[in-house]
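These notes concern the structure reproduced below.
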């Protein structure tokens with residue numbers, strides 16, 4: 001019989017791609033972790049990881065187990081927290097964000113939160129964009145302030161505001177002086193970074209939906225943050241990157257230029273949670289975030305219910 005502890009250990013190894021790092025994260029010894037994974041593999045009847053010198057990666061059986069394990073572990077954790085909410089236990093709400101993820105918005109939410117749920121303490125955790133996606137599923141955060149796309153089968157979200165996408169490029173790039181906008185057709189021929197994120201996010205920011213099956217040119221080392229992308233562009237002026245318009249305020253590098261993209265949908269900034277997490281504190285945070293966003297950015301309230309056409313579907317609390 002599979003134990004909940006074994007699923008937690010399996011998810012930690014899958015996330016860290018290393019038994020050593022997963023053991024440190026779980027505060028257990030590596031031999032103990034390895035033994036639990038071997039027991040789990042014996043129970044399910046298949047190896048779950050390819051063990052290689054550079055680390056570990058999921059086997060086909062491991063990939064098949066990943067999502068059910070996430071649902072099981074997170075579902076039980078959410079249930080426990082829901083019971084605590086019911087009996088008035090207060091508790092903690094973990095909020096994930098990334099660099100450039102609405103700093104002014106977060107500060108305003110923190111100021112207003114004590115009036116909404118004074119018994120619930122907010123804990124903020126900074127992660128990469130890809131890390132926010134997986135942190136919700138792995139129960140490392142309860143709410144993520146992030147951007148679409150997300151998986152509507154696993155995530156639920158409230159749209160806070162939308163912003164155009166821009167092209168970040170070196171001042172030495174031929175398009176640096178093209179003007180305020182650049183046509184999408186020109187962008188698709190340019191070299192872009194290797195992005196280390198979940199495929200859904202990687203495909204979105206590499207504009208793969210517009211490429212009609214033709215893969216993008218990718219150069220340089222793999223990057224996972226706006227700062228890493230900025231320095232890659234600085235090293236190789238032929239590389240460009242696509243990001244939200246607020247990225248213009250993130251970089252202090254005078255060598256960078258930002259050009260607004262045309263013929264492409266804007267990106268939505270959202271307060272996201274797990275698909276079936278309807279706890280009071282989670283819903284209250286999403287509602288407060290939407291209220292603060294309307295005040296800060298002078299946007300109208302997002303439409304309630306129904307699928308959105310922009311990179312997925314979400315419901316508004």
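The values are calculated or read from the model by the stated rules, or taken from the named source; none is laboratory data. Remember, predicted model here, so these are calculated numbers, not experimental data. Virtual Cβ from ideal backbone geometry, glycine too; neighbours counted across all protein chains shown.
Here are the numbers:
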read-out	value
Test: residue 121 is within 29 Å of residue 147 (Cα to Cα), modelled with pLDDT of 85 or more and either touching a strand residue (DSSP E or B) at 6+ places or on another chain (Cβ under 9 Å) or assigned to a helix (DSSP H, G or I) (or both)	yes
Residue match in segment 122-131 (condition: in contact with a helix residue (DSSP H, G or I) (Cβ under 7 Å, 6 or more places away or on another chain), more than 30 Å from residue 67 (Cβ to Cβ) and surrounded by fewer than 19 Cβ atoms within 10 Å (Cβ to Cβ))	no
Flag for residue 159 being outside any strand (DSSP E or B), closer than 28 Å to residue 108 by Cβ and at pLDDT 90 or above	no
Residue within segment 137-144 that is assigned to a helix (DSSP H, G or I), touching a residue at least 60 places away in the same chain (Cβ under 8 Å) and in contact with a helix residue (DSSP H, G or I) (Cβ under 7 Å, 6 or more places away or on another chain) present	yes
So residue 43, is it farther than 29 Å from residue 93 by Cα, touching a residue at least 40 places away in the same chain (Cβ under 8 Å) and over 22 Å from the mean Cα position of the chain (by Cα)	yes
Subset of segment 1-32 (residues that are assigned to a helix (DSSP H, G or I) and more than 21 Å from residue 135 (Cα to Cα))	30, 31, 32
Residue identified as more than 28 Å from residue 151 (Cβ to Cβ) and surrounded by fewer than 14 Cβ atoms within 10 Å (Cβ to Cβ) among 31, 68	31
Residue under evaluation residue 293, criteria (1) free of Cβ contacts under 8 Å to residues at least 60 places away in the same chain; (2) closer than 19 Å to residue 104 by Cα, criterion not met	(1)
Test result for residue 91, at positive phi and modelled with pLDDT of 70 or more	yes
Odd one out for residue 60 among (1) within 25 Å of the chain's Cα centre (by Cα); (2) at pLDDT 90 or above; (3) buried (at least 18 other Cβ atoms within 10 Å of the Cβ)	(3)
Residues of segment 210-245 that turn out to be part of a loop (DSSP other than H, G, I, E, B) and over 22 Å from residue 99 (Cβ atoms), as a count	9
Residues of segment 174-196 classified as assigned to a loop (DSSP other than H, G, I, E, B) and at pLDDT 90 or above, total	3
Failed condition for residue 101, given (1) at pLDDT 85 or above; (2) surrounded by 18 or more Cβ atoms within 10 Å (Cβ to Cβ)	(1)
Number of positions in segment 246-289 that are part of a helix (DSSP H, G or I) and at pLDDT below 85	4
Selection from segment 1-16 of residues that are surrounded by 18 or more Cβ atoms within 10 Å (Cβ to Cβ) and without any contact (Cβ under 8 Å) to a residue 60 or more places away in the chain	6, 9, 10, 12, 13, 14
Boolean, residue 136 is modelled with pLDDT of 85 or more, buried (at least 22 other Cβ atoms within 10 Å of the Cβ), within 12 Å of the chain's Cα centre (by Cα) and within 28 Å of residue 222 (Cα to Cα)	yes
Selected residue (criterion: nearest to residue 10 (Cα to Cα)) from residues of segment 45-57 that are outside any strand (DSSP E or B) and at pLDDT 90 or above	48
